[in-house]
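Each remark here refers to the structure printed beneath this line.
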């Protein structure tokens, strides 16, 4: 009888402890997590959502623009080379005007137009060649800026999104401690809402940042490749002008 009373007395504090830790169940569905979030956490998720939409729009825009530039440049290069070889300068300029999205066409056409502005008659002077070269350099700078449009935003999103998510993590942890203080119990139910809030904002921040960083590096490499192509085309065109001046 004495042992039975002792066992009952020993289990009573444990039962009271678990009763004290009871807390409303946290739903781990998307709507449930959103409902349990605090105001600051919702603001963080909203900012990250806007950043993800912005980065996705830039990714799609640059992908389509770069593919169109690559396709039109591959069609333009052999045609303009053939036209210049035969001395048909006006035809070469018309080919460039038809390739609106080609980075090569925009650069080459600006050099040809500057070259033609001196007139087709008479000898080709050194001033004419230098003026055409400067036009090519100006056009390269303009096209380079067009190619990089939006990439700065991707870099900013990729570098700041994890820190915005980390801010949400801090807010979630603070809410977890507030839950412990409010319920006066260290049970898992008291901190489940705050911890889930912290983890969701952290994961969302990484989910936004990682694709932004990867696509920024990918598009930057493509811009550098386009720059090399424009430099080579400009150099070849200047060589063509010099050869024409010695004919």
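The values are calculated or read from the model by the stated rules, or taken from the named source; none is laboratory data. This one's a predicted model, so the numbers in the text were calculated from it and none came from an experiment. Please note: Cβ atoms are built from the backbone with ideal geometry, for glycine as well, and neighbour counts cover all protein chains shown.
From the list 131, 139, 159, the lone residue that is crowded, with 21+ Cβ neighbours inside 10 Å and either touching a helix residue (DSSP H, G or I) at 6+ places or on another chain (Cβ under 6 Å) or part of a helix (DSSP H, G or I) (or both) is 139. Quick check on residue 145: is it at negative phi, surrounded by 13 or more Cβ atoms within 10 Å (Cβ to Cβ) and part of a helix (DSSP H, G or I)? Spelling it out, it is not the case that residue 145 is at negative phi, surrounded by 13 or more Cβ atoms within 10 Å (Cβ to Cβ) and part of a helix (DSSP H, G or I).
Please work out if residue 45 is surrounded by 19 or more Cβ atoms within 10 Å (Cβ to Cβ) and over 23 Å from residue 140 (Cα atoms). Answer is yes for this residue. Criterion applied to 34, 54 was being modelled with pLDDT under 90, assigned to a helix (DSSP H, G or I) and within 30 Å of residue 205 (Cα to Cα), and the one residue passing it is 34.
Being at pLDDT 95 or above, in contact with a helix residue (DSSP H, G or I) (Cβ under 8 Å, 6 or more places away or on another chain) and on the phi < 0 side of the Ramachandran plot is a description that does not apply to residue 200. Of the residues examined, residue 125 is one that is surrounded by fewer than 16 Cβ atoms within 10 Å (Cβ to Cβ), at pLDDT below 90 and more than 21 Å from residue 64 (Cα to Cα).
Checking residue 115 against (1) modelled with pLDDT of 85 or more; (2) within 34 Å of the chain's Cα centre (by Cα): exactly one of these is not met. Which one? Evaluating residue 115 over (1) modelled with pLDDT of 85 or more; (2) within 34 Å of the chain's Cα centre (by Cα) leaves (2) as the failure.
Filtered by the rule that a residue be part of a helix (DSSP H, G or I) and farther than 18 Å from residue 114 by Cβ, the range 78-94 gives 78, 79, 81, 82, 85.
Residue 116 passes every criterion in (1) in contact (Cβ under 8 Å) with a residue 24 or more places away in the chain; (2) loosely packed, with under 15 Cβ neighbours inside 10 Å; (3) farther than 30 Å from residue 200 by Cα apart from (2).
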